[in-house]
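Working notes, beginning with the structure itself.
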Amino acid sequence: MTAVVGPVGLVGAAVLATDPDYLAPGMVSGALLLVGALLVLGVVSGRTWVVLVGAVLGVGLLAVPGSVFKAEVMMHRGVPTDVVVTAAHAVKGRGVTWHCDLRRVDGVPLPHAVLTDGCYGSGQVGRTERVLVDPAGWVAPWPADTDFGGVDVGVVLVGAAAVAFVLLAAGSVRVGARPGRTGGTETVA
C-alpha cells in the first residue's frame with residue numbers, strides 16, 4: 001500500500017502546494033505523508049538504509065513536482081498579458097530578492113498578482129511588463145521570457161523517483177519478510 005500511496009500522495013501534495021492559496025495544506029499533508037511512509041518503511045523492512053533512501057526519494061518527490069507542474073501549466077496554458085507593476089517589496093532570505101505586485105492593464109482581476117521571479121526592484125514600479133498568466137489562476141504569473149527547456153528532464157526525474165520509491169517499498173517487504181525475521185530482529189528457535 002505504501003508503495004503506491006506514498007509517491008502518488010507526495011506528488012499530489014506537491015502539486016496542491018503550487019497554488020499559493022493551498023501552499024500550507026499541501027506542504028503539511030505532504031510532510032505528514034512522508035513521515036508516515038518512512039515509518040511504514042522502517043517497520044516493514046527493519047533496515048536503516050531503506051528509510052534513508054526512502055527519505056531522499058520522498059523529499060525529492062515533495063520538492064521537484066511542484067516546479068515541474070507550474071512549468072507545464074505555463075508552457076501549455078500561459079497567456080502573455082500586459083501588466084503594470086504597482087509595488088515592489090524586498091524579501092530578505094539568502095540575500096535580498098524582490099516581489100512585484102501586479103495589475104492587469106485592461107483592469108481584469110489577476111489572481112495571485114505577485115511576480116516573484118523577474119522582479120528586480122523598486123525601479124520597475126509604474127512600468128508595463130509582459131508576463132505569462134494562467135487563465136485558471138492556479139499558478140502565479142511568470143516572466144514572459146521564461147525558458148522551458150528543462151521541463152522534460154524534470155518530468156523524467158519525477159517519474160524515476162516515483163518508480164524508485166515504489167520499488168524500494170515493494171522490495172522492503174521482501175527484505176523484512178525473510179524467514180527467521182520478525183520486525184527486523186532475528187528469531188532464535
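Taken together, the values in this text are just the output of simple stated rules run on the coordinates, not laboratory data. None of the values given here were measured: they were computed from a predicted structure. Here the Cβ is made from the backbone with ideal geometry for all residues, glycine too, and neighbour counts use every protein chain on show.
Against the chain, whose longest principal axis is taken from its Cα atoms, helix 2-16 shows a tilt of about 10°. For ALA88, the residues whose modelled amide H falls within less than 5 Å of its own, excluding neighbours fewer than 5 places apart on the same chain, are ASP101. Taking the C-alpha atoms only, the angle from helix 23-45 to the longest principal axis of the chain is near 20 degrees. Judged by the gyration tensor of its Cα atoms, with axes a ≥ b ≥ c, region 73-115 is oblate; a/c meets the 1.5 cut and b/c is at least as large as a/b. In a reduced charge model with +1 at each Lys and Arg Cβ and -1 at each Asp and Glu Cβ, the chain shows a dipole moment near 680 debye about its Cα centre.
Extension gain, TRP49 to VAL96: 0.36 nm times the residue separation minus the Cα-Cα distance gives 13.1 nm.
Helix 151-176 axis versus longest C-alpha principal axis of the chain: approximately 20°, rounded to the nearest ten. What is region 1-96 by shape, rounded, prolate or oblate, if you read a ≥ b ≥ c off the alpha carbon gyration tensor as root eigenvalues and call it rounded for a/c under 1.5, prolate for a/b larger than b/c, and oblate otherwise? Prolate. Model label points for ALA24 and MET75, set 7 angstrom from Cα along the Cα-to-Cβ axis, are 3.3 nm apart. The protection proxy used here, the mean number of other Cβ atoms lying within 10 Å of each residue, ranks peptides 78-86, 34-42 as follows, highest first: 34-42, 78-86.
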